Amino acid sequence: MGRAPRSQRRRFGRGEVLVPPPPPPVQPLQECLESLRSKWRREGSLAALWQDWPQLAGRPLADHCKPLNLSHGVLTVGARHPQWRQALQYSKPQLLAAVRSAGHAVRDLRIQQHHPSPPAELETEESVWARHPSRIDVHGMASCPCCDSPAPAGEMALWGHCGFCRRLKLSELKGSLQEETTQSVNTSLDEEPPRSA
């Protein structure tokens, strides 16, 4: 086993304590981003191509065609419409030259039809809150069958009891599951393995 360098060891009583090496000096954020970009280009990263794509392909092509994959120096570009795919085919030599001159490690260009899926619609906070089970003004009030306290009727319809009783039951369930797990582990540790002769 190797020994840590002296700069990472500190004497403590009769022994030594390992200390992490000092952190590298702080660099401005712009320098960090530039080093990341150059690393992406050296390693042939799709992220670098994504970033440079509008300048490399030109605005009209970049709006309708996207880099999809970069594997073993082969860049796969997807076009949304057959006309844009044809435009990519015609400009393939110029595009490949532009990509290479920008410092990207691409040896070939593959063009395919690509139909991007529409972005998932995210619900707004207002729409989620509008149907939330704890809304008294929407669902009304009822009495919890467990604790007999007044509670939103939406919680009763969803869980069969109020939110406080729901939390209590979930914590009891979690505790019983942990207890069962602990018991099964202890039981398996108590059993002696069979001895081989």
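The values are calculated or read from the model by the stated rules, or taken from the named source; none is laboratory data. Because the structure is a prediction, the values reported are computed rather than measured. All Cβ positions, even for glycine, are placed from backbone atoms using ideal geometry, and neighbour counts span all protein chains on display.
Output the residues belonging to the range 103-125 that are touching a strand residue (DSSP E or B) at 6+ places or on another chain (Cβ under 6 Å) and aliphatic (A, V, I, L, M). The answer is 106, 109, 111. Determine whether residue 99 is surrounded by 15 or more Cβ atoms within 10 Å (Cβ to Cβ), in a helix (DSSP H, G or I) and of a type in the set (A, V, I, L, M). In short, yes. Checked against the criterion of being loosely packed, with under 11 Cβ neighbours inside 10 Å, touching a helix residue (DSSP H, G or I) at 6+ places or on another chain (Cβ under 9 Å), at pLDDT below 80 and over 15 Å from residue 96 (Cα atoms), the candidates 5, 60, 21 yield just one match: 21.
Does residue 36 qualify as being surrounded by 15 or more Cβ atoms within 10 Å (Cβ to Cβ) and within 23 Å of residue 101 (Cα to Cα)? In short, no.
When 116, 145 are screened for being touching a residue at least 12 places away in the same chain (Cβ under 8 Å), surrounded by 11 or more Cβ atoms within 10 Å (Cβ to Cβ) and outside any helix (DSSP H, G or I), only 145 passes.
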